[in-house]
1. Can you give the convex hull volume per residue for the Cα atoms of the range 1-133, as a whole number of Å³?
2. Given Cα positions, please report Rg to Rh for the chain, the hydrodynamic radius being the Kirkwood one.
3. Expressed as a whole number of Å, what is the distance separating the alpha-carbon centroids of the range 183-241 and the range 144-173?
4. Order these peptides, 285-291, 230-236, 204-210, by their mean beta-carbon neighbour count within 10 angstrom, highest first.
5. May I ask you to list the lysines whose Cα is less than 21 Å away from that of K141, ignoring any residue fewer than eight positions away on the same chain?
6. Using only Cα atoms, what is the ratio of the radius of gyration of the range 88-225 to 2.2 N^0.38 Å?
7. Using helices alone, what [θ] at 222 nm do you get for the chain, with -39,500 (n - 2.57) per DSSP H run of 4 or more residues, divided over all residues and rounded to the nearest 500?
8. Which whole-number percent gives the relative contact order of the chain, counting Cα pairs below 8 Å spaced six or more residues apart?
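Computed from the coordinates by the stated procedures, all read-outs in this text should not be read as laboratory data. What you see is a predicted model; the values in this text were computed from it and never measured. Here the Cβ positions follow ideal geometry from the backbone for every residue, glycine too, while neighbour counts run over all protein chains shown.
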Amino acid sequence: MTEALTQTAPSNGQPLLEVKNLRMYFPVTQGIVLQRRVGEVKAVDDISFSINQGETLGLVGESGCGKTTTGRCILQLTRPTAGQILFDGEDITKYNNEQLREVRKKIQVIFQDPYSSLNPRMTIGQIIGEGPHVHKITTSKQETESRVKELLALTGLPTDLHSRYPHELSGGQRQRVGIARALSMNPSFIVCDEAVSALDVSIQAQVINLLEELQEKFGLTYLFIAHDLSVVRHISDRVAVMYLGHIAELAASRTLYELPLHPYTQALLSAVPIPDPVVEAEREHVILGGEVPSPLNPPPGCVFHPRCPIATDICRSEVPVFEEKRQGHWVACHHALSERNLAAIEGGKGQAQ
């Protein structure tokens, strides 16, 4: 087996990735010639989490909540405004371009759109083999070609696809090429940015199964960014729910789906359809009023309070602390364990079944 496909080292008990107080603010300017800063979009606003070796953390939330921006900051495709990103104990936000070049062998990404993420002017072999060639993992044309074919076979693709172009492949095949490209650098951590959202449901299942097989075989660690709660539940060990740049709740996958403590998580789960018409007709749905506030001008206090059914005065004035309410269950809510909220959970337990 080639160097690209070696087993990842076992965990030493330390998180592989730690994100601490991450902020990403994008400046808003006015004027054409003499631009002046008039505000900032708080895409990611003080979030913290960790991911252990071999684990999959699902990151969910509606469009515009900051999921992809978080992934881009971890990849250092976007330099964060503040905070730390510790990869294997080292803060990569302080790395220069040469240091990042080495880190990027270990951190790879699978992009959302299998149609636009592949260069249409390059063959599949060139796309997959470019990384190993640039980083001198392979030293000859024959070695690169051999590695490409091995990666194609590993991701369930015919090896003769190496000479074809992206437009000759289906969507599912293109996403498998994206997976093969990520694996070509022998990474330990992969950001899956909406990796299955552009695919048909049957193809989604195939790609999810492939990702799980590769994780088990090579000890990979995933940050799985998605908006489909059903997909996230299937693949994730833990799930973090984002809302307007903040993490609202983080817990083990089963715990979060069966006992959600944050009202926003409860609303999201109530919107997931159940394939039983009788249960679906009888269960209660949480309908949120209003619109998602603008990250350019987020509300004071808890950012969810304008739409929250259990909000009180404290929610409108004080930012809730993101803290561990139960063992391994982190929530940013003043009323997460209130009698009213727990009663709502008890009444809607069937919604996540």
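1. Enclosed volume per residue, from the Cα hull, is 180 Å³.
2. 0.99
3. Answer, in whole Å: 20.
4. 230-236, 204-210, 285-291
5. Cross-link targets: K105, K149.
6. Cα-based Rg divided by the globular estimate yields 1.03.
7. Numbers: 12 runs with 113 residues, N = 353.
My calculation for the chain gives -9000 deg cm²/dmol from helical runs alone.
8. Working: 653 pairs, mean separation 68.0, N = 353.
Reported as a whole number, the value is 19 percent.
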